[in-house]
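These notes are about the structure you will find just below.
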Amino acid sequence: MANLINGKEIAAQVKAEVAKESEKLAEYGVTPGLAVIIVGDDPASKIYVRNKKRACEEVGFYSEEFALPEKTSQKELLDLIDTLNKRFDIDGILVQLPLPKHLNEKTIIGAISPKKDVDAFSPFNVGRVMIGEYRFLPCTPAGVMELIKSTGVEISGKNCVVIGRSNIVGKPMAMMLLHENGTVTVCHSKTENLSEITSKADILISAVGKAHFVTADMVKEGAVVIDVGMNNDEDGKLCGDVDFESVEPKAGYITPVPGGVGPMTIAMLMKNTLTAAKLNSAVAAKRPPKK
Ligand code: GUN
């Protein structure tokens, strides 16, 4: 039977540390501030945004939500980002993805000041992650790294297999594992002999978006299995990519869904916002007094 990796508990520890540091900043008159922009009415995005705002309250941050209508133009959104880039009380700017089709995601993300890009999605910050000289790490893979480290399993020299090659999870995940000296393989929809590759993984990370995708025959005995998937099963219940019932007895460590990677993503966002506030604090010291 696998050891369950408790993402909820580890996320609570990360947030507690952030809250402590936030209190220290408050002594200098600095309150970390996060702006969250959501365009349209996607129900899942609305839940994510609500959870992000709630986390800000928990750790003592200021947060401001900009809920824009579906028909918002590219110029209106770029103007808002420009205003937020210049505001002293906003340290982090997050544009919830996906955006409606008429908006150019690359242009929008690229408009966020790299100093306030707490998702680490802008080309500048992606490049920093690539060369291992980063200020922000993208939240989901950064959360996964914390979960792996919590197991005490050494990454160095191990076979690490990532299923999924998205810009948000798969690619940065591979890079972070590489920085920790893992031997990394990235698999995707065109990969041949997938289970042959995954069954050699000491650390297996799935970010595919398909319920029951990872089955027991794809998993090495005793492996660390991290499930980034957020799917609905046949009964409409939240589930990951991993067929938990069959994989759990075989894995050494495994994350549940919910309660695994999900809470970590938000905790790491809080950590990044704190980092941004510290980075901006030289500027913050010049903030006009609050009215
Ligand atoms: N949509 C799904 N995941 C994310 C995320 O981590 N950040 C943002 N901004 N949008 C997302």
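Evaluate segment 274-285: report whether one residue or more is at pLDDT below 95 and over 24 Å from residue 134 (Cβ atoms).
There is at least one residue in segment 274-285 that is at pLDDT below 95 and over 24 Å from residue 134 (Cβ atoms).
Pull up segment 60-71, narrow it to residues that are within 16 Å of the ligand (Cβ to nearest atom) and not acidic (Asp, Glu), then point me to the one that is surrounded by the most Cβ atoms within 10 Å (Cβ to Cβ).
Among those that are within 16 Å of the ligand (Cβ to nearest atom) and not acidic (Asp, Glu), it is 63.
Just the residues that are more than 15 Å from the ligand (Cβ to nearest atom) and either in a helix (DSSP H, G or I) or touching a helix residue (DSSP H, G or I) at 6+ places or on another chain (Cβ under 7 Å) (or both), please, taken from segment 91-103.
91
Take the residues in segment 148-175 that are over 16 Å from the mean Cα position of the chain (by Cα) and part of a loop (DSSP other than H, G, I, E, B); name whichever of them is nearest to residue 10 (Cα to Cα).
Looking at the filtered set, the residue picked out is 152.
Out of segment 41-91, which residues are more than 20 Å from residue 111 (Cα to Cα) and basic (Lys, Arg)?
Of everything in segment 41-91, those that are more than 20 Å from residue 111 (Cα to Cα) and basic (Lys, Arg) turn out to be 46, 50, 52, 53, 54.
Check segment 254-264 and report whether any residue there is aliphatic (A, V, I, L, M), part of a helix (DSSP H, G or I) and either modelled with pLDDT under 95 or under 30 Å from residue 17 (Cβ atoms) (or both).
yes
Say whether the condition of being of a type in the set (A, V, I, L, M), away from the ligand (no atom under 13 Å from the Cβ), surrounded by 18 or more Cβ atoms within 10 Å (Cβ to Cβ) and touching a residue at least 12 places away in the same chain (Cβ under 8 Å) is met by at least one residue in segment 38-54.
Let us first name the residues in segment 38-54 that are of a type in the set (A, V, I, L, M), namely 38-39, 44, 47, 49.
Filter again for away from the ligand (no atom under 13 Å from the Cβ), leaving none.
No.
Given (1) without any contact (Cβ under 8 Å) to a residue 40 or more places away in the chain; (2) not in a loop (DSSP other than H, G, I, E, B), identify the lone condition not met by residue 271.
The number of the failed condition is (1).
Pick from segment 248-272 the residues that are more than 16 Å from the ligand (Cβ to nearest atom) and surrounded by fewer than 23 Cβ atoms within 10 Å (Cβ to Cβ): which of them is nearest to residue 136 (Cα to Cα)?
259
The values are calculated or read from the model by the stated rules, or taken from the named source; none is laboratory data. What you see is a predicted model, and the numbers here were worked out from it, not measured in a lab. All Cβ positions, even for glycine, are placed from backbone atoms using ideal geometry, and neighbour counts span all protein chains on display.
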